[in-house]
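Asker: Got a structure here, written out as structure tokens. Questions coming.
The values are calculated or read from the model by the stated rules, or taken from the named source; none is laboratory data. Since the model is a prediction, treat every value here as computed from it, not as a measurement. Here Cβ is always computed from backbone atoms with ideal geometry, including for glycine, and neighbour counts include all displayed protein chains. What goes into the accessible areas is simple: the full protein's heavy atoms, side chains included, and nothing from ligands, DNA or RNA. Shrake-Rupley method; radii C 1.70, N 1.55, O 1.52, S 1.80 Å.
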Amino acid sequence: MYDLKVPQSEISRQYEYAEKIRALSSGRKYTVVTLGCQMNVRDSETLEGWLKRCGFVPAQNREDADIIIYNTCCVRENAENKALGNVIWLKELKKDKPGLIIGVCGCMMQEEGISGQLKEKYPFIDLVFGTHNAYMFPEYLYRVIASSERVFEVWDIKGYVPEGLPAVRNSRINAFVNIMYGCNNFCSYCIVPYVRGRERSRDPEDILAECRSLKAAGFKEIMLLGQNVNSYMGGGTAFADLLKRVNDIGIERIRFMTSHPKDITRELIECFGTCEHLMPALHLPVQAGNNEILKRMNRSYTNEKYLETVSHLRKVRPDIGLTSDIIVGFPGETRQQFEDTLRLVRHVRFDSAYTFIYSPRKGTPAAKYDDPVSIEEKTAWIEELIALQQCITSEALSGQIGSIQNVLVENVSSRSALTVGGKTPRGLMVNFEGDGSLIGKTVKVKITAAGKNTLKGTMEE
Ligand code: 5AD
Ligand code: SF4
């Protein structure tokens, strides 16, 4: 674990480039398209922050934009295909609008050979950069705009931590706060450590300062983000201690993700009982229920250890809502081993789970393992798992009917201006009658019905 802040002079230089772009022309329109996880969403907020600094304003749609940036994901093959499909389509847009600037960034750009391939095959792409040098975006954009060059800059893993970057936040209520970058776990199926680099933690003081300013700006909920927040170690502070300090700031709601089950400490579990702002919800990806598969995934815990953690969590916080990620059809997984996953899911009763068919990623150990099970069979397995989880989710939601929940209102429904939506402490979505004036408020809602994935209710007077 190492920490290395980008020198502030370097960040200031980027602000100067943003000013130069603004001086060249302002009022041009941007679109940032984000694929992938919350980390990418947060990175896109920074890109938008830079674009705003550069004098750009949001476009209504892609056809209207003067610059389009694709922030890509590479965790599974379909994410990559989606990114490529989208980018190729932009060629047509550029035919009608030759001045359109097209940029591609994010995890996929860190994969070996991708940047070179894009440069050669797609002459309509103007700008490519990776995750490690994304903070240099204004400088690269200036080169594209001022000298009409094509800029393709992807750095090998440097492991820097940039501070003091601008952001246009997606919401006025919930904010993502990165606490660390990268991952050291090398789960055998996962490409993330190769594209996001080794773990590096932000300084706790920088995180706390960001949280304080978010509170001052009126944000009600903070999601602390990292590939594996449990191994946070910034300036000698462990994650549980950071959490307690964030709790003391007094932001209404705190959540965090993602947690690796092997690194959950007793102290962290106790936080669910002692930190009054920490919400009773935890995303704890189990990935598989069979010990042999977990071992070959390099997950460093067993089914028994996972269940022990779950029972400890529930002892401390009986109302905690657990969610998970599950991979089906890891190379060599047998039907019997898959049934251990079904058994675990029945036992733990997650509120919801993201389920994926294993997707081989070039350069990861698992991509070389024998994989005899057909895609048809894996598809049948995942359908079985999804049906089971759907049943459990429905029961969990129905179990809420009749209860009164504190709901933090986040948005007005896109279908009706008279319906608002928000989350319970446990993270369940609730829709109820109300208007935009409720956004940002926490109100008492009586739960009256359960849909497939959300709850319905009525506001208590
Ligand atoms: N194939 C399928 N799913 C994957 N994930 C990560 N790598 C792969 C892969 N190669 C899933 C894991 C992880 C989530 C973000 O994506 O479940 O927790
Ligand atoms: Fe990938 Fe495992 Fe790291 Fe999560 S903990 S990002 S699954 S290597």
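Asker: Only one of Leu47, Leu84 is surrounded by 15 or more Cβ atoms within 10 Å (Cβ to Cβ), part of a helix (DSSP H, G or I) and over 19 Å from the mean Cα position of the chain (by Cα); which?
Answerer: Going through Leu47, Leu84 in turn, just one is surrounded by 15 or more Cβ atoms within 10 Å (Cβ to Cβ), part of a helix (DSSP H, G or I) and over 19 Å from the mean Cα position of the chain (by Cα): Leu84.
Asker: The conditions are (1) in the same structural domain as Gln14 (by TED's automatic domain parsing); (2) modelled with pLDDT under 95, and Lys158 fails exactly one of them. Which is it?
Answerer: Evaluating Lys158 over (1) in the same structural domain as Gln14 (by TED's automatic domain parsing); (2) modelled with pLDDT under 95 leaves (1) as the failure.
Asker: Scan the stretch 384-396 and tell me whether some residue there is within 16 Å of ligand 1 (Cβ to nearest atom) and over 30 Å from Arg255 (Cα atoms).
Answerer: Residues of the stretch 384-396 within 16 Å of ligand 1 (Cβ to nearest atom): 385-386, 389.
Subsequent filtering for residues that are over 30 Å from Arg255 (Cα atoms) retains none.
No, the stretch 384-396 contains no residue that is within 16 Å of ligand 1 (Cβ to nearest atom) and over 30 Å from Arg255 (Cα atoms).
Asker: Considering only the stretch 319-372, state which residues are within 16 Å of ligand 2 (Cβ to nearest atom), outside any helix (DSSP H, G or I) and of a type in the set (A, V, I, L, M).
Answerer: Ile326, Ile327, Val328, Ala353, Ile357
Asker: Ok, one more. Looking at (1) touching a helix residue (DSSP H, G or I) at 6+ places or on another chain (Cβ under 9 Å); (2) more than 16 Å from ligand 2 (Cβ to nearest atom); (3) small (Gly, Ala, Ser), find the lone condition where Ser44 falls short.
Answerer: Failed condition: (1).
Asker: For Thr364, indicate whether it is closer than 19 Å to Phe330 by Cα, touching a Cys at 6+ places or on another chain (Cβ under 7 Å) and at pLDDT 95 or above.
Answerer: Yes.
Asker: Continuing with this model, one more query. Just one of Ser300, Ser259 is surrounded by fewer than 21 Cβ atoms within 10 Å (Cβ to Cβ) and assigned by TED's automatic domain parsing to the domain that holds Phe186; which is it?
Answerer: Ser259
Asker: Taking the stretch 346-364, which residues are open to solvent by 50 Å² or more (accessible area, probe 1.4 Å) and within 13 Å of ligand 1 (Cβ to nearest atom)?
Answerer: Of everything in the stretch 346-364, those that are open to solvent by 50 Å² or more (accessible area, probe 1.4 Å) and within 13 Å of ligand 1 (Cβ to nearest atom) turn out to be Tyr354, Pro360, Lys362, Gly363.
Asker: Could you run through the stretch 425-448 and say how many residues are open to solvent by less than 40 Å² (accessible area, probe 1.4 Å), free of Cβ contacts under 8 Å to residues at least 60 places away in the same chain and under 16 Å from Ala396 (Cβ atoms)?
Answerer: Residues that pass the stated criteria total 2.
Asker: For the stretch 284-294, indicate whether the set of residues that are open to solvent by 60 Å² or more (accessible area, probe 1.4 Å), at pLDDT 95 or above and within 15 Å of ligand 1 (Cβ to nearest atom) is non-empty.
Answerer: Among the residues of the stretch 284-294, not one is open to solvent by 60 Å² or more (accessible area, probe 1.4 Å), at pLDDT 95 or above and within 15 Å of ligand 1 (Cβ to nearest atom), which makes the answer no.
Asker: Show the residue pairs that are 6+ apart or on different chains and have beta-carbon atoms under 9 Å apart, the first residue being within the stretch 404-423 and closer than 20 Å to Pro280 by Cβ, the second being aromatic (Phe, Trp, Tyr) and open to solvent by less than 40 Å² (accessible area, probe 1.4 Å).
Answerer: Pairs that qualify, where the first residue is closer than 20 Å to Pro280 by Cβ and the partner is aromatic (Phe, Trp, Tyr) and open to solvent by less than 40 Å² (accessible area, probe 1.4 Å), are Val407/Phe432; Val409/Phe432; Gly421/Phe432; Gly422/Phe432.
Asker: Under the condition of being touching a strand residue (DSSP E or B) at 6+ places or on another chain (Cβ under 7 Å) and not in a strand (DSSP E or B), which residue from the stretch 51-73 is most open to solvent (accessible area, probe 1.4 Å)?
Answerer: This residue is Arg62.
Asker: Of the residues Glu276, Glu270, only one is outside any loop (DSSP other than H, G, I, E, B) and out of contact with any Phe, Trp or Tyr (no Cβ under 7 Å at 6 or more places or on another chain); which?
Answerer: After ruling out the rest, the residue left standing is Glu270.
Asker: Among the candidates Ser414, Ser398, single out the residue that is open to solvent by 50 Å² or more (accessible area, probe 1.4 Å) and out of contact with any strand residue (DSSP E or B) (no Cβ under 9 Å at 6 or more places or on another chain).
Answerer: Numbers: Ser398 fails: out of contact with any strand residue (DSSP E or B) (no Cβ under 9 Å at 6 or more places or on another chain).
Step by step, each of Ser414, Ser398 is checked, and only Ser414 is open to solvent by 50 Å² or more (accessible area, probe 1.4 Å) and out of contact with any strand residue (DSSP E or B) (no Cβ under 9 Å at 6 or more places or on another chain).
Asker: Condition first: of a type in the set (Gly, Ala, Ser), within 26 Å of Thr341 (Cα to Cα) and open to solvent by less than 60 Å² (accessible area, probe 1.4 Å). Can you find one or more residues in the stretch 268-280 that meet it?
Answerer: Among the residues of the stretch 268-280, not one is of a type in the set (Gly, Ala, Ser), within 26 Å of Thr341 (Cα to Cα) and open to solvent by less than 60 Å² (accessible area, probe 1.4 Å), which makes the answer no.
Asker: Could you tell me which of the residues Ile254, Ile320, Ile269 is under 20 Å from Pro425 (Cβ atoms) and out of contact with any Lys or Arg (no Cβ under 9 Å at 6 or more places or on another chain)?
Answerer: On the way: Ile320 fails: out of contact with any Lys or Arg (no Cβ under 9 Å at 6 or more places or on another chain); Ile269 fails: out of contact with any Lys or Arg (no Cβ under 9 Å at 6 or more places or on another chain).
Testing whether each residue is under 20 Å from Pro425 (Cβ atoms) and out of contact with any Lys or Arg (no Cβ under 9 Å at 6 or more places or on another chain) leaves just Ile254.
Asker: Give the residue that is farthest from ligand 1 (Cβ to nearest atom), with candidates limited to residues of the stretch 174-186 that are open to solvent by less than 10 Å² (accessible area, probe 1.4 Å) and either in a loop (DSSP other than H, G, I, E, B) or under 17 Å from Arg361 (Cβ atoms) (or both).
Answerer: Of everything passing the filter in the stretch 174-186, Ile179 is farthest from ligand 1 (Cβ to nearest atom).
Asker: Out of everything in the stretch 278-334 that is closer than 23 Å to Tyr358 by Cα and among the small types (Gly, Ala, Ser), what residue ends up being farthest from the chain's Cα centre (by Cα)?
Answerer: Here the answer is Gly332.
Asker: Just the residues that are over 12 Å from Gly159 (Cβ atoms) and either within 9 Å of ligand 2 (Cβ to nearest atom) or aromatic (Phe, Trp, Tyr) (or both), please, taken from the stretch 188-204.
Answerer: Passing the criteria: Ser188, Tyr189, Cys190, Ile191, Val192, Tyr194.
Asker: I would also like to ask the following. Considering the stretch 249-266 alone, what residues qualify as being assigned to a loop (DSSP other than H, G, I, E, B), more than 19 Å from Tyr306 (Cα to Cα) and among the hydrophobic types (A, V, I, L, M, F, W, C)?
Answerer: Of everything in the stretch 249-266, just one residue is assigned to a loop (DSSP other than H, G, I, E, B), more than 19 Å from Tyr306 (Cα to Cα) and among the hydrophobic types (A, V, I, L, M, F, W, C), namely Ile251.
Asker: Checking Phe124 against (1) outside any loop (DSSP other than H, G, I, E, B); (2) touching a helix residue (DSSP H, G or I) at 6+ places or on another chain (Cβ under 7 Å), which single condition isn't satisfied?
Answerer: (1)
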